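Where a number appears in this text, it was derived from the coordinates with a stated rule and is not lab data. Computed from a predicted structure; not experimentally measured. With ideal geometry, Cβ positions are generated from the backbone for all residues, glycine too; neighbour counts draw on all protein chains shown.
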Amino acid sequence: MRGQWIGNYSGTNQGLIIVELDERDDCYFGWAYLFDSRQGYPHSSALIRTPNKEKMQEFDVPVGPIDANPNISPWNHVAKDHPNFSFPKSAKVTVGLDDKSLAIRWVTDIDSTGNALLPKTKAKEPSELVPRIINTWRDFRDYVSDLPTKKYVFRGQMESSVWRLSTLFHRSGRSDLKRLIYQDIPEIYRATINQTSHKFNLGDPDERGAFYALVQHHGFPTPLLDWTYSPFVAAYFAYSELPKKFSSEERRCRIFKFDAEQWKADFAQLVDVVGCQPHFSLINTLALGNPRMVNQQALVALTNVADLESYIRNREQEQGKIYLEAIDLPQSSRAEVIKNLDMMGITAASLFPGIDGVCKYQRERLFAV
């Protein structure tokens, strides 16, 4: 049951449901969020702690509303906004898991009912994007040089189709974002508060985003995905970790190209990941104590979706537009690419200010491996 499950529910009412479950020692623990499709009706959340790890289980859960912020609140905090509305306090839930789906049924203490059959996420499966194949570095330079400035953002990875787009948090095997935001983030904040030049105010959305970006750039999993306005910086990240003597003609790097300008025009950009509907939001975070962001021409995407490729594809089908594309380049071009990027001033020393970046750059220059 571990993972993220998203789909539609029906019953007394209908809407969208997200289930985010982490595996604990003796159970699965997390939250379900239900978004009623009726305009003006309150959305719901439920705390889930399974009795065990069996594939078929029945258990009780506490239920509460999600307010407009969105926060998860007691009913008496939001009841005034929904006069003459009855809201449950608990539900009896039955779940069943198979190889392809999670089936859920529930009956609440006010006798409302619901059910959902949620498909297994494809987040861990190889990418299904059909890439644009570019066979030479020169052709790639020519292609991206003709693109409008700042319309697109880019992201590089050294294997073409092994990984779908997914945040470091979702790749970590965790799914319960509420646990991350309310337990893990305060802990990493306390652990780093004496290590940062700026004292972040996590209650401010701009400073919170800046803190997430800073700790992610130092290896801590967050629901952010890094992008850059520079296709050449993205190419550095696609090629730099490859072995110098790599010679395969078949294997390819991948550079994602995303139409940030059109996406932001078509969809609201959110700054929360708990208690809100699925979203993928591009954010220009402040570079507080984080010169890497400036040097990498970076921005980040904040998301509560594990399988971003499927999510974006669904939005493309709804809008009749293409937002996300993949460009595949031969890994065997590494030496040419790194040399050319060095001449542009795109190196580990420039992208990672400090002794770590300098040492990485000098290793690239002085050693054969």
| Using the Karplus equation 6.51 cos²θ - 1.76 cosθ + 1.60 (θ = phi - 60°), what ³J(HN,Hα) coupling, rounded to whole Hz, does each residue of the range 222-227 give in order, writing x for Gly and Pro? | 9, x, 9, 10, 7, 9
| said: Given contacts defined as C-alpha pairs under 8 Å and at least six residues apart, what's the relative contact order of the chain, whole-number percent? | reply: 17 percent
| query | Nearest 0.05, what FRET efficiency do residue 41 and residue 139 give at R0 = 45 Å with Cβ-Cβ as r? | reply | 0.25
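How would 50, 303, 196, 149 line up from fewest to most surrounding beta-carbon atoms within 10 angstrom? Numbers along the way, then the final one.
Numbers: 50 21, 303 24, 196 15, 149 6.
Going from sparsest to densest Cβ surroundings: 149, 196, 50, 303.
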| In the range 239-301, the GluC sites (Glu not before Pro) that fall in loop regions by DSSP, at most 12 other Cβ within 10 Å | 241, 249, 250
| task | Please name which of 143, 85, 368 has its Cα lying farthest along the dipole of the chain towards the positive end, using unit charges on Cβ (Lys, Arg +1; Asp, Glu -1) and the Cα centre as origin. | result | 368
| query | Considering only DSSP beta bridges with both partners in the chain, what is the antiparallel share in %, to the nearest 5? | reply | 95 percent
| said: Straight-line reach only, C-alpha to C-alpha below 17 angstrom: list the lysines that residue 124 could link to, leaving out same-chain residues fewer than 8 apart. | reply: 100
| remark: In a Gaussian network model of the chain with springs linking alpha carbons closer than 10 Å, the residue among 337, 358, 63 that fluctuates most is 358
| task | Please order 280, 352 by the number of other Cβ within 10 Å, starting at the fewest. | result | 352, 280
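Please give the calculated 222 nm ellipticity per residue for the chain, where each DSSP H segment of at least 4 residues contributes -39500 (n - 2.57) and the sum is spread over every residue; nearest 500 deg cm²/dmol? Kindly include the intermediate steps, with their values, before the conclusion.
Working: 12 runs with 98 residues, N = 369.
It lands at -7000 deg cm²/dmol.
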| Order of 73, 86, 197, 44 - criterion: other Cβ atoms within 10 Å of each residue's Cβ, fewest first | 197, 86, 73, 44
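Evaluate the relative contact order of the range 3-119 (contact order divided by residue number), counting alpha-carbon pairs under 8 angstrom at least 6 apart; express in whole percent. Before the final figure, lay out the partial values.
On the way: 265 pairs, mean separation 27.2, N = 117.
Once divided by the residue count of the range 3-119, the mean separation gives 23 percent.
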| Long-range HN-HN contacts of residue 224 with modeled amide H, under 5 Å | 168, 169
| Cα centroid of the range 6-58 to Cα centroid of the range 103-129, whole Å | 8 Å
| said: Compute a Gaussian network model of the chain, connecting alpha carbons closer than 10 Å, and tell me which residue from 14, 157, 331 fluctuates the most. | reply: 14
| Which pairs, out of 120/257; 120/264; 151/321; 244/339, put more than 19 Å between their alpha-carbon atoms? | 120/257; 120/264
| message | Springs between alpha-carbon pairs under 10 angstrom, Gaussian network model over the chain: which of 255, 193, 18 fluctuates most? | response | 193
